[in-house]
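The values are calculated or read from the model by the stated rules, or taken from the named source; none is laboratory data. Please read these numbers as outputs of a predicted model, since none were measured by experiment. Counting neighbours? That spans all protein chains shown, and the Cβs are built from the backbone with ideal geometry, glycine included. The area values use the complete protein model at the heavy-atom level, side chains included, leaving out ligands, DNA and RNA. Shrake-Rupley method; radii C 1.70, N 1.55, O 1.52, S 1.80 Å.
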Amino acid sequence: QVQLVESGGALVQPGGSLRLSCAASGIIFSNYHMGWYRQGPGDLRDLVAAITSSGSTTYADSVKGRFTISGDNAKNTVYLQMNKLKPEDTAVYYCNADPSLATILYGMGDMDWGKGTLVTVSS
């Protein structure tokens, strides 16, 4: 059974930084691909960043150069470091994991979702 718990969401000013954490259990962490997603009010859930089991990363165009995804195998945790935050980054952020990279990148409808963590960027 896979369990994922997101944390770290907060209210932050534009231009500020925040780090989200996703703690995983019930999986061999290093054998899974991980992704961060976000969903604003009335919007679809979009992929923000992904990291493969081998450490390769990919980012949505809107966050390139500002966000960094990373993983810590010893802690079974994936992080999303968010810098230079903008009001349009405001959303509920979710993480997910799958042994198939295609599912992470294109199969959001096939995954179960937790509660996420709310990030609000406002002055």
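Quick look at the numbers
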read-out: For the stretch 10-21, Karplus couplings with θ = phi - 60° (6.51, -1.76, 1.60), whole Hz, Gly/Pro x; value: 6, 8, 9, 7, x, x, x, 10, 7, 10, 9, 10
read-out: Normalised contact order of the stretch 54-123, rounded percent, pairs of Cα under 8 Å and 6 or more residues apart; value: 28 percent
read-out: Accessible-area composition of the chain, carbon plus sulfur, in percent [1.4 Å probe]; value: 47 percent
read-out: At 0.692 mPa s and 37 °C, Stokes D of the chain from Kirkwood alpha-carbon radius, µm² per second; value: 230 µm²/s
read-out: Centroid-to-centroid separation of the stretch 1-47 and the stretch 56-123 [C-alpha atoms, Å]; value: 5 Å
read-out: Loop sites in the stretch 1-110: trypsin sites (Lys or Arg not before Pro), DSSP, at most 11 other Cβ within 10 Å; value: Lys64
read-out: Share antiparallel - DSSP beta bridges, the chain, percent rounded to 5; value: 95 percent
read-out: Accessible area per residue in Å² at 1.4 Å probe, computed on the chain; value: 53 Å²
